[in-house]
Amino acid sequence: MANKLSKKERFAGCMLGLALGDSLGYDVKGKSFKQIRKEYGKKGIMKPVRSKQTKSALVSDETQLMLFTAHGILWTCAVGGSTAADYTNNVFLALQQWLYTQTGSTASPAYDNILEAEGTEYPCALLDLDEIYKKRGPTKTLIQTLTAQAAMNYGSPGSHVNDSKLFDCVPRTAPAGLFFSCNPVLAFKTGCLFAAITHGNPTGYLAAGCFAAMLAYIVGGETIEKSALNCMKLLTEYDGYDECYTAINHALELIEDDDTSPLTAVGELGGGNTAESALAIGIYCAAAHYDFESAVQLAANQDGNSDACAAIAGALKGAYVGYHALPAKWISEVQLTATVKEYAVQLSKAAPKKA
């Protein structure tokens, strides 16, 4: 079992851990480990790199999307919503707000009221932040899917909007796992609902559900490995679970394999371009190293999807070790960390104490 930490400590550790890992990986996104070593030295990238333009280390769309998901959850709380449909509707609308920051429009003029402070019961403070409007490489599939959802016709586990199982549905569901940490089964279901808005392949939304449930278990005091095992049990109750189950199991096997180097292990887990691969890499990196920095450095220094994998590893490790175990210098240098922490505090206050 993990050391006892407050819910507030774990929530902040998780969301800031995600942002820090995301920032570390974003600077080397799309580069091979050979290229990373050539640019940053033999060990690769070891800390977030400040942008010459902003003087701060940048985060990607993974952190942006996490924040808007948190906003959707808090929006639901503010208007007295309580059902799964309430939370999912408002998270969808929050994703439409994010879409506006990236494209200059929502999927429909009918949504435009959510862009105005007086047009919604819970104004979105994120829309006032210049950093949110920066394009950080979201996938075309995500943008195209949200743009096509003009009549609240978003996807669900029972009504697939496409066949995507891309990685980007996973990190954004972190707030679901935190908010419903009192009930990991509910966290799993909610993570699936939030991911299925844009990702129709069961492997995609089930990986997101596992990520959310793992965070719920960790907040409750479980280890990273035990949380993963618990999620494997939950997975078997769902159709199409095989790919996700196999990926998590492989990650756990590699954690126990002393003969395989960490870099080789990460490569064996697939590079992180699909949801189950990104989750498996995040689990392996978070569990294979004792300290936060080593976990996210391993996830970022690879041939694959550096920012998403490091974001997932950072969220898992951050939830486990807590806010005060994160590198303070990184927090001071990475953009949006004050906003991320504030949303973590709000979620910890709003989260139900029991299911």
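Values computed for the structure shown
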{"read-out": "Listed peptides 188-194, 89-95, 141-147 by packing density, highest first (mean Cβ within 10 Å)", "value": "188-194, 89-95, 141-147"}
{"read-out": "Kirkwood-based shape ratio for region 156-245, expressed as Rg/Rh from alpha carbons", "value": "0.95"}
{"read-out": "Rounded percent of accessible protein surface that carbon and sulfur make up, the chain, 1.4 Å probe", "value": "51"}
{"read-out": "Longest to shortest principal axis, alpha-carbon extents of the chain, angstrom", "value": "56, 48, 38"}
{"read-out": "Region 194-287: C-alpha gyration tensor shape, a/c 1.5 cut-off, then a/b vs b/c", "value": "oblate"}
{"read-out": "Of the DSSP H helices in the chain, those whose Cα atoms cover at least 24 Å axially and whose Kyte score averages -1.0 or more", "value": "7-26, 61-78, 84-103, 202-219"}
{"read-out": "Residue-level accessible surface for L115, protein heavy atoms, 1.4 Å, Å²", "value": "40"}
{"read-out": "Extension gain, K34 back to A84 (0.36 nm per residue minus Cα-Cα distance, nm)", "value": "13.5 nm"}
{"read-out": "Efficiency of FRET between S108 and A338 - r from beta-carbon atoms, R0 22 angstrom, step 0.05", "value": "0.10"}
{"read-out": "Positive-end residue, the chain charge dipole about Cα centroid, Cβ charges, pick of T236, I331, L252", "value": "I331"}
{"read-out": "Pairwise centroid distance, computed over Cα atoms, of region 203-224 with region 250-268, Å", "value": "20"}
{"read-out": "Most to least accessible of R37, R136 (protein chains only, probe 1.4 Å)", "value": "R37, R136"}
{"read-out": "Cβ-Cβ FRET estimate between N249 and A125, R0 fixed at 45 Å, reported to 0.05", "value": "0.65"}
{"read-out": "Per-selection Kirkwood Rh - region 1-146 (Cα, Å, 1 d.p.)", "value": "17.3"}
{"read-out": "For the chain, Cys with no neighbouring Cys Cβ under 4.7 Å", "value": "C14, C77, C124, C169, C182, C192, C244, C285, C309"}
{"read-out": "Average accessible area per residue (Å²) across region 257-349 - probe 1.4 Å, nucleic acids and ligands excluded", "value": "33"}
{"read-out": "Ratio Rg/Rh, restricted to region 271-355 and using Cα atoms, in which Rh is the Kirkwood radius", "value": "1.01"}
{"read-out": "Centre separation in Å (Cα based) which lies between region 1-39 and region 78-137", "value": "26"}
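The values are calculated or read from the model by the stated rules, or taken from the named source; none is laboratory data. For clarity, every value in this text was computed on a predicted model and none was experimentally measured. Methodologically, a virtual Cβ is constructed for each residue, glycine included, from the backbone with ideal geometry; neighbour enumeration extends over all protein chains shown. Side chains included, ligands, DNA and RNA excluded: accessible areas come from the protein's heavy atoms. Shrake-Rupley method; radii C 1.70, N 1.55, O 1.52, S 1.80 Å.
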